[in-house]
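Enquirer: I'd like to ask you about the structure that follows.
No value in this document is a laboratory result; all are computed from the given coordinates. None of these values were measured; they are calculated from a predicted model. Positions of Cβ are backbone-derived with ideal geometry, glycine not excepted, and every protein chain shown enters the neighbour counts.
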Amino acid sequence: MAKLQAIRGMNDILPENSLSWQYLEAAFQRVVRRFGYQEIRFPILEQTQLFKRSIGEVTDIVEKEMYSFDDRNGDNLSLRPEGTAGCVRAADQHGLLYNQQQRLWYQGPMFRHERPQKGRYRQFHQFGVEAFGMPGPDIDVEVLQVAATLWAELGLAEYLQLELNNIGSAEDRKIYGAALTEFLQSREDQLDDDARNRMHTNPMRVLDSKNPDVQAALAGAPELDEFVNEESKEHYAELQALLSASGISFIENPRLVRGLDYYNNCVYEWTTDTLGAQGAVCGGGRYDGLVAQLGGRQTLACGFAIGIERLVLMLDSLEKIPAAALQPIDIYVTCIGDRVTKQTLALAQAIRTTCPDLGVISHCGGGKFNGQLKRAFNSGAKLAVILERDGDSATDLQTARIRVLDDSAATETHEISAIPAKVAEILEISAS
Ligand code: ATP
Ligand code: MG
């Protein structure tokens with residue numbers, strides 16, 4: 001019988017890779033904590049309506065990419081394709097939004113039925129932050145500082161570029177959309193089927209077309225910024241001034257529109273040229289209308305989402321993860337000979353108590369000296385603690401050896417009770 005395989009585009013993250021993930025997750029959690037953001041967890045499955053109403057009916061995500069199905073009650077549910085909708089639903093449902101300010105973060109899997117390729121998967125993972133109840137642009141800058149601080153922390157700042165655009169209000173975009181539709185109709189013969197369909201339903205998505213013929217037809221099209229209201233322009237100018245004052249550099253990209261309908265005013269992406277085609281690592285902006293659109297009271301809001309897989313790819317390929325973070329085992333305690341098990345378990349545990357930040361493996365399963373030492377080397381441990389009984393004696397072992405697992409093979413022998421402190425001394429860590 002054929003073995004079952006994972007679903008295409010859904011990755012298993014094996015132990016050697018999960019270390020990179022843990023490193024990144026720890027860095028992200030440290031950064032959001034430093035900015036005073038608090039974690040919110042919400043379900044992976046929601047009513048399909050939630051995503052249709054927030055992301056928009058005529059978007060790639062809702063039209064083509066959602067995993068939707070009827071459950072046993074006949075309710076139509078979808079695996080979340082992004083986090084903002086669920087975050088807003090949860091925060092509003094539990095009364096966190098009205099008349100309050102909130103700074104929230106989340107992380108977890110998202111699902112989109114896209115064509116799998118490097119940096120693009122069907123189950124992928126995001127970190128997100130969402131801030132509610134503040135008009136900005138101060139909070140927009142703070143949220144961007146969270147991202148910038150993470151890049152700095154990870155040593156990635158020089159590889160990431162912030163691109164900004166102002167897409168105005170929903171009303172501005174409606175008027176602009178009508179003008180764009182009119183323009184596109186005048187060039188209809190130069191468009192492809194996709195663009196012709198989009199022209200009426202979501203004309204701004206035509207601007208994103210990858211078809212060079214469509215791009216050529218767009219020459220001379222009306223530009224969004226001619227339609228953006230004054231207040232929004234002021235917000236955008238102030239945002240740029242504050243970013244510059246905070247030392248966050250950016251470029252303006254008037255073509256940046258984002259694939260989700262709920263954004264207004266400033267939108268942005270952090271991109272890199274180190275990943276090939278999948279260069280967007282973080283996307284976000286303001287979404288002041290979304291809470292009301294989902295049935296809550298008008299609540300100002302902004303936030304971003306980071307693609308974890310793409311960041312891990314960057315960290316790995318640029319070798320930005322410190323060796324220590326990729327090496328979880330520090331000590332390997334061998335268990336050689338008869339009646340050593342009890343002492344081995346006890347000594348390994350004593351080392352864990354004295355040195356709580358170390359990874360200590362206590363050898364299990366018996367075997368000869370050479371075999372156990374080989375396992376010690378393969379574990380990546382820095383030290384082996386060797387408990388070995390060569391003869392047949394009924395008494396407990398009095399001493400053990402500490403062997404440095406490098407070419408020096410330096411070995412020292414100590415009373416067993418002194419071993420935990422010695423290990424700490426050799427590895428230059430403070431014992432507790
Ligand atoms: P892209 O333009 O690459 O399709 P997007 O605009 O659809 O990205 P967002 O919805 O803004 O992406 O999600 C934020 C981030 O999540 C992206 O910048 C990217 O890093 C990551 N991301 C989005 N879709 C995927 C995917 N299918 N696989 C892996 N990461 C993804
Ligand atoms: Mg996409």
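Enquirer: Full extension from Glu412 to Lys64: what is 0.36 nm times the residue separation minus their Cα-Cα distance, to one decimal in nm?
Expert: The span from Glu412 to Lys64 would gain 118.8 nm if fully extended.
Enquirer: While we're looking at this one, here's another question. Give me the number: length gained by fully extending Glu188 to Gln101, i.e. 0.36 nm times residue separation minus the C-alpha to C-alpha distance, one decimal in nm.
Expert: 26.6 nm
Enquirer: Could you calculate the contour length gain from Arg72 to Ile426, that is, 0.36 nm times the residue separation minus the distance between their Cα atoms, to one decimal place in nm?
Expert: Fully extending the segment from Arg72 to Ile426 adds 121.4 nm.
Enquirer: Which lysines have a Cα less than 20 Å from the Cα of Lys342, not counting those fewer than 8 places away in the same chain?
Expert: Output for Lys342: Lys368.
Enquirer: Projecting each Cα onto the charge dipole of the chain (Lys/Arg +1, Asp/Glu -1 at the beta carbon, about the Cα centre), which of Ser417, Ser249, Gln49 comes out farthest on the positive side?
Expert: Result: Ser417.
Enquirer: Here is a further query. List the lysines whose Cα sits under 16 Å from the Cα of Lys210, skipping any in the same chain fewer than 8 residues away.
Expert: Excluding near neighbours in sequence, the set is empty.
Enquirer: Enumerate the whole-percent occupancy of each 5 Å bin, from 0 to the last occupied one, for all C-alpha pair distances of the range 105-158.
Expert: Calculated P(r), rounded to whole percents: 5, 15, 17, 17, 19, 18, 8, 2.
Enquirer: Dipole size in debye (nearest 20) for the chain around its Cα centre, Lys and Arg Cβ +1, Asp and Glu Cβ -1?
Expert: 1560 debye
Enquirer: May I pose another question? Please compute the contact order of the range 17-156 in relative form: average sequence separation of alpha-carbon pairs under 8 Å and at least six residues apart, divided by the residue count, as a percent.
Expert: 25 percent
Enquirer: Just to be sure I understand the curve: with the Debye formula and one point per C-alpha of the range 280-432, what is log10 I(q)/I(0) at q = 0.16 Å⁻¹?
Expert: Result of the Debye calculation: -0.87.
Enquirer: To continue, here is another question. Can you give me the Cα centroid spacing of the range 307-335 and the range 93-130 in angstrom?
Expert: 24 Å
Enquirer: Say the dipole of the chain comes from +1 at the beta carbon of Lys and Arg and -1 at that of Asp and Glu; which of Gln123, Ile175, Gly283 then lies farthest toward its positive end?
Expert: Gln123
Enquirer: Along its principal axes, what span do the Cα atoms of the chain show, with the longest given first and each in whole Å?
Expert: Reported extents, whole Å, longest axis first: 95, 59, 44.
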